[in-house]
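Input: a single structure, listed below in structure tokens.
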């Protein structure tokens, strides 16, 4: 049978389509969450000058295969307004294909200070970090809801909400979130801190639930699973705190599969930041152990 050129091309195209129909590249399912690295995990190396803050993006990428990081202002306290330094840090991260997610801010005063002037000063002290975070392409600054421990829990809640509302208002035009970590005192009470969030009631004010920071006072610990569950409705980041591991690779202090189920059941599928604080393993070993545990959960092994 003689075929016209058009008939031949039509048959050839159809044959190729049939032959390749069953060979399409399968879609890789999206991971239920991403993994980032909090700079505090390397605080001993940073403080002993084994590495510097500028090295952090490279170390995260090349040593641990992690492509998103969370900075800590303690390792760049005099650099918040240094445009050249921030540009260099941003370039180094970009060169490594690393995202800078947020800056954890400490040492800038208590946002719930009982003294109104000091509270306002604390808010203003954080402005420079918000500006720095904006220039680095972050989505948030992480702050503390310190209150000085003065007054009733409700009074402290009102003051913390006031300071956070002011700072969130500053962050909003910058496209930034102002997020609070459970970080000791009343902030480690999940019910109290979630109440602060409801008082602030701003879309860019949220939480950064930390798996381990639930010590309200000496000998007084809040239930970590309840606390994370209470904070997850407001979460814009999550901190996977770890200290020790058993021989099976499980975190001793926190049941990670149980905790991550709480996180995922809340509808959170963003970054979970490794924050190793143990001293039995080296920092490198602790980071890798935490990452392996999170990877096993991501892959459905645990």
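None of the figures in this text is laboratory data; all of them are computed from the coordinates on show. Predicted model only: the values in this text are computed from it and were never measured.
Computed extension length for residue 128-residue 255: 42.0 nm, one decimal, from 0.36 nm per residue of separation with the Cα-Cα distance subtracted. Binning all Cα-Cα separations of the range 183-302 at 5 Å, short to long from zero, yields these whole-percent fractions: 2, 12, 21, 22, 20, 13, 7, 2, 0.
In the elastic network of the chain, a GNM with C-alpha springs shorter than 10 Å, the most mobile of 246, 210, 63 is 246.
For the range 148-205, the Kirkwood estimate of the hydrodynamic radius, built from every pair of different alpha carbons, is 11.6 Å.
For the chain, compute Rh as the Kirkwood radius over C-alpha pairs and then the Stokes-Einstein diffusion coefficient at 25 °C and 0.890 mPa s; write the answer in µm²/s, rounded to an integer. Approximately 118 µm²/s, per Stokes-Einstein. Taking only the Cα atoms of the range 45-116, the ratio Rg/Rh comes out at 1.05, with Rh defined as the Kirkwood radius. With N counted as the residues of the range 18-170, its alpha-carbon radius of gyration over 2.2 N^0.38 Å works out to 1.34.
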